[in-house]
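Q: Dropping a structure here in structure tokens format, bear with me for questions.
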Amino acid sequence: MFNIVYTAWFLATKYFSRFSKWTSSLIILVIALTFLNLVVVSGLLVGLIEGSVLGIKELRTGEVFITPTKQNQYIKKYNELFSVLDNNKNIKGYAPRYVSNARLYKDYKTSIYRRAGEVDVDIYAAVTGIDFKKEKDFFGLDKKIIDGRWFIDSDVNSVILGNRLTAKADEELFTDERVLGDVRPGEIIEIKFGDKTYAPQKFQVIGIINSKQQEYDYGILIPSRELRGILGQGVLLGPDNVGVRIANNVEPAVVIDSIKASTDSTLINVRSTEESIGKYLGNIRKTFVLLSNALGTISIVVVTVMLFIVIFISVITKQRQIGILKGIGISPLTIKLSYMFLSFMYTFVGIAVGVLILVFLLIPYFDANPINFPFSDGILYVTLPGLITKIFLLFVMSIFAGFLPPYLITKRNTLNTILGR
Amino acid sequence: MENILQVRNLVKSFKDGDNFKKILNEINLDVPKGQFLSIIGESGAGKSTLVYQMSLLDVPTSGSISIFGKDTSGLNIKEQAKFRLNNFGYIFQDSALIKELNVLENVKLSLLAKGISNKKAEEMSKEILTKVGLGSMINRYPSEISGGEKQRVAISRAIVGKPSIVFADEPTANLDHVTSEKIMGELKKISDELKMTIIMITHELKYAQGADRIIEISDGNIISDSIIKK
């Protein structure tokens with residue numbers, strides 16, 4: 001058997017090295033493109049959702065997300081919860097958020113950006129009271145400021161506005177989207193918190209945030225100490241959610257279990273990012289995976305057919321040569337194996353070229369330039385097991401494509417093959 | 001002398017419309033070991049068909065072919081290939097070299113298939129190629145050498161594995177007179193020095209006369225069988 005494999009490999013290497021350079025380059029290019037199509041298209045499709053999940057995890061939920069149970073509108077006994085979180089060595093940090101409704105009003109009469117025909121507007125939005133130091137340290141929210149700056153200790157009557165509440169005059173909006181208009185850092189807006197018992201107050205916009213998180217981009221951020229000062233602890237009874245950042249190499253489940261063990265489970269839900277994103281994103285993710293698999297299957301079929309055609313044409317044009325090889329005693333198995341190896345070689349080089357393009361060009365490119373989608377920064381999502389599976393599938397199909405044409409020729413009568421009849 | 005090849009009542013028919021046309025008609029032939037046999041005849045006489053059957057490249061309609069006393073009719077495709085590899089050498093009309101392989105690789109290919117190591121196969125191939133005067137051309141490809149040189153490579157490929165029988169199908173067909181003479185000289189040398197059995201088809205009597213024996217075929221029958229006295 002060794003001599004069969006060795007002779008087949010010997011023949012395949014000679015076919016490969018003596019094949020037309022242009023044809024070989026073209027075959028390799030098509031395989032490389034197919035491989036990239038297989039990996040990149042599916043990687044980007046899934047990457048849209050993964051980017052969104054990643055964004056949620058990085059900016060909002062952390063690895064563990066704590067919310068009140070359905071029966072409660074806010075997290076009760078939060079001081080006990082904070083104490084549990086402070087004493088858990090597996091937790092790097094956490095950030096509680098307090099949410100209230102507000103009516104925002106922009107006085108265009110005082111705006112330096114006022115344009116002719118613009119009228120004063122008011123809109124309703126959610127106000128999130130945050131611990132800005134914790135949000136900065138553990139969730140990196142400060143890095144999402146696209147205009148202006150993040151909070152500092154000395155800030156008073158300052159807010160950060162979600163970018164979806166602002167819009168340039170020529171900017172296209174989503175249907176039914178209500179915006180304040182072209183508000184920029186330094187401008188004053190009026191905010192009326194809670195119900196009508198609270199008088200409107202003037203705030204300076206110090207920054208605009210674009211986090212791709214609906215809760216922030218369609219709302220305003222304010223230091224929680226200030227929000228609680230305005231509304232009073234009697235209205236703002238407790239945080240609406242707490243994002244928890246856990247230590248590296250610790251499973252979220254371990255932290256979740258330990259928090260649950262020390263707190264009242266009737267008051268709070270303690271969940272991982274995956275659990276907290278809910279069925280909606282999960283279903284989109286499943287759909288995109290399905291879609292990418294369907295596209296991937298088409299790519300694999302295309303490359304299999306292409307390789308089949310290449311090998312088939314090669315075999316047909318070498319029909320007599322195959323007959324001569326059989327005639328001088330080279331076994332049909334050796335001949336079939338030689339073409340399988342040839343197909344394997346093309347696939348190997350094509351995939352290698354594809355991997356090089358992927359690793360040294362596409363992944364760094366998409367890392368540096370995420371695709372700007374309204375709900376996420378689309379990333380190129382490639383996992384090693386997924387990559388290996390796709391490479392394996394390509395090899396299996398290439399071997400099949402390399403086997404069938406010589407199988408059809410070698411089973412014919414040797415003499416007929418030699419004489420080409 | 002011991003017979004290396006025995007043909008008994010060999011018939012080969014082809015379908016011709018609704019009928020079957022007999023190309024070989026009850027052929028009987030014994031070939032002793034070491035004999036240089038020439039087969040001559042007009043085009044379409046059946047000489048190539050006879051060689052194809054004897055060399056196991058084709059399957060006869062009826063009759064038997066025994067090599068070393070063993071009936072070959074029971075061999076399947078895989079066994080036939082192995083039998084050809086181990087016992088036969090072939091020289092085709094147009095040399096039939098593999099264009100992707102250089103001269104040395106063309107010769108050593110069958111040795112590799114036999115399981116001989118690459119190093120040993122190269123040694124054996126170089127030795128044969130040097131003997132036929134191609135020692136300096138081992139790295140050239142078939143497209144880079146002349147017709148006569150190609151045929152000498154084909155001869156080297158046929159004999160490098162020291163087969164029991166070498167089949168040569170009109171080895172001088174596409175060559176000029178001088179080159180043909182050289183090729184015939186090589187075959188004669190192989191017959192004399194290596195004592196290999198050679199069965200050669202030719203349509204030129206002068207080349208056939210270099211053999212030990214000539215049989216003439218006409219309409220699928222052996223019409224003459226003569227030993228050449230030297």
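Q: Read through the list (1) within 27 Å of A:A32 (Cα to Cα); (2) surrounded by fewer than 20 Cβ atoms within 10 Å (Cβ to Cβ), then give the number of the only condition that A:L307 fails.
A: (2)
Q: It is to be established whether one or more residues within segment A:257-268 are within 20 Å of A:I130 (Cα to Cα) and in contact with a Ser or Thr (Cβ under 8 Å, 6 or more places away or on another chain).
A: Filtering segment A:257-268 for residues within 20 Å of A:I130 (Cα to Cα) gives A:268.
Subsequent filtering for residues that are in contact with a Ser or Thr (Cβ under 8 Å, 6 or more places away or on another chain) retains A:268.
Taking every residue of segment A:257-268 in turn, at least one turns out to be within 20 Å of A:I130 (Cα to Cα) and in contact with a Ser or Thr (Cβ under 8 Å, 6 or more places away or on another chain).
Q: Of the conditions (1) modelled with pLDDT under 85; (2) loosely packed, with under 13 Cβ neighbours inside 10 Å, B:S117 satisfies every one except a single condition; which number is it?
A: (1)
Q: Between B:I39, B:I27, B:I4, which is closer than 18 Å to B:I223 by Cβ, modelled with pLDDT under 90 and β-branched (V, I, T)?
A: Details: B:I39 fails: modelled with pLDDT under 90; B:I4 fails: closer than 18 Å to B:I223 by Cβ.
After applying the criteria, what remains is B:I27.
Q: Test B:L134 against the criterion of being over 28 Å from B:A45 (Cβ atoms) and at pLDDT below 85, and give yes or no. Give the steps one after another, and end with the answer.
A: Details: over 28 Å from B:A45 (Cβ atoms): yes; at pLDDT below 85: yes.
Yes, satisfied.
Q: A further question follows. Which residue is surrounded by the fewest Cβ atoms within 10 Å (Cβ to Cβ), if the candidates are limited to segment B:90-108 and must be more than 7 Å from chain A (Cβ to nearest Cβ) and within 20 Å of A:F10 (Cβ to Cβ)?
A: Applying the filter and picking the extreme gives B:K99.
Q: Would you tally the residues in segment A:183-227 being surrounded by fewer than 16 Cβ atoms within 10 Å (Cβ to Cβ) and in a helix (DSSP H, G or I)?
A: Qualifying residue count, segment A:183-227: 2.
Q: For segment A:382-421, which positions are outside any helix (DSSP H, G or I), away from chain B (no Cβ under 14 Å) and touching a residue at least 60 places away in the same chain (Cβ under 8 Å)?
A: Our first condition is that a residue be outside any helix (DSSP H, G or I); within segment A:382-421, this holds for A:382-383, A:411-413, A:420-421.
Subsequent filtering for residues that are away from chain B (no Cβ under 14 Å) retains A:382-383.
Within segment A:382-421, A:V382 is the sole residue that qualifies.
Q: Name, by its number, the condition in (1) of a type outside the set (S, T, Y); (2) more than 18 Å from B:A158 (Cα to Cα); (3) not in a loop (DSSP other than H, G, I, E, B) that does not hold for B:D192.
A: The number of the failed condition is (2).
Q: Which ones in segment B:51-81 are touching a residue at least 24 places away in the same chain (Cβ under 8 Å), at negative phi and either more than 12 Å from chain A (Cβ to nearest Cβ) or outside any loop (DSSP other than H, G, I, E, B) (or both)?
A: B:V51, B:Q53, B:M54, B:T61, B:S62, B:S64, B:I65, B:S66, B:I67, B:Q80
Q: Of everything in segment A:1-29 that's farther than 30 Å from A:I328 by Cα and crowded, with 18+ Cβ neighbours inside 10 Å, which residue is farthest from the other protein chains (Cβ to nearest Cβ)?
A: A:I28
Q: Do we have any residue at all in segment A:54-73 that's among the basic types (K, R) and in contact with a Ser or Thr (Cβ under 9 Å, 6 or more places away or on another chain)?
A: So the first thing to find is which residues in segment A:54-73 are among the basic types (K, R), and the list is A:57, A:60, A:70.
Then drop every residue that is not in contact with a Ser or Thr (Cβ under 9 Å, 6 or more places away or on another chain), which leaves A:57, A:60.
Yes: one or more hits.
Q: Give the residues of segment A:228-280 that are surrounded by 15 or more Cβ atoms within 10 Å (Cβ to Cβ) and of a type in the set (S, T, N, Q), sorted by residue number.
A: A:N241, A:S258, A:T263, A:N269, A:S272, A:T273, A:S276
Q: Moving on. Of everything in segment B:1-25, what is among the acidic types (D, E) and touching a residue at least 60 places away in the same chain (Cβ under 8 Å)? Give them in sequence order. Break it down into steps so the answer makes sense when it comes.
A: First pass over segment B:1-25, keeping only residues among the acidic types (D, E): B:2, B:16, B:18.
Listed by number, the list is empty, since nothing qualifies.
Here is a yes/no grid of residues against (1) touching a residue at least 60 places away in the same chain (Cβ under 8 Å); (2) under 27 Å from A:S292 (Cα atoms); (3) surrounded by fewer than 22 Cβ atoms within 10 Å (Cβ to Cβ):
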| site | (1), (2), (3) |
| --- | --- |
| A:L36 | yes, yes, yes |
| A:S42 | yes, yes, no |
| A:L48 | yes, yes, yes |
| A:L54 | yes, yes, yes |
| A:Y74 | yes, no, yes |
| A:L81 | yes, no, no |
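One line per residue, one yes/no per condition, for (1) more than 14 Å from every other protein chain (Cβ to nearest Cβ); (2) under 30 Å from A:V53 (Cβ atoms); (3) among the aromatic types (F, W, Y):
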| position | (1), (2), (3) |
| --- | --- |
| A:E275 | yes, yes, no |
| A:Y280 | yes, yes, yes |
| A:N283 | yes, yes, no |
| A:L290 | yes, yes, no |
| A:L307 | yes, no, no |
| A:V315 | no, no, no |
| A:L333 | no, no, no |
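Q: Just to check your reading of the model, which residue among B:I201, B:I222 is touching a helix residue (DSSP H, G or I) at 6+ places or on another chain (Cβ under 6 Å), closer than 18 Å to B:T49 by Cα and among the hydrophobic types (A, V, I, L, M, F, W, C)? Spell out the reasoning first.
A: On the way: B:I222 fails: touching a helix residue (DSSP H, G or I) at 6+ places or on another chain (Cβ under 6 Å).
So the residue among B:I201, B:I222 that is touching a helix residue (DSSP H, G or I) at 6+ places or on another chain (Cβ under 6 Å), closer than 18 Å to B:T49 by Cα and among the hydrophobic types (A, V, I, L, M, F, W, C) is B:I201.
The values are calculated or read from the model by the stated rules, or taken from the named source; none is laboratory data. Every value quoted in this text rests on a predicted model; they were computed, and no experiment measured them. Ideal geometry is used to build each Cβ from the backbone, glycine not excepted, and the neighbour counts take in all protein chains shown.
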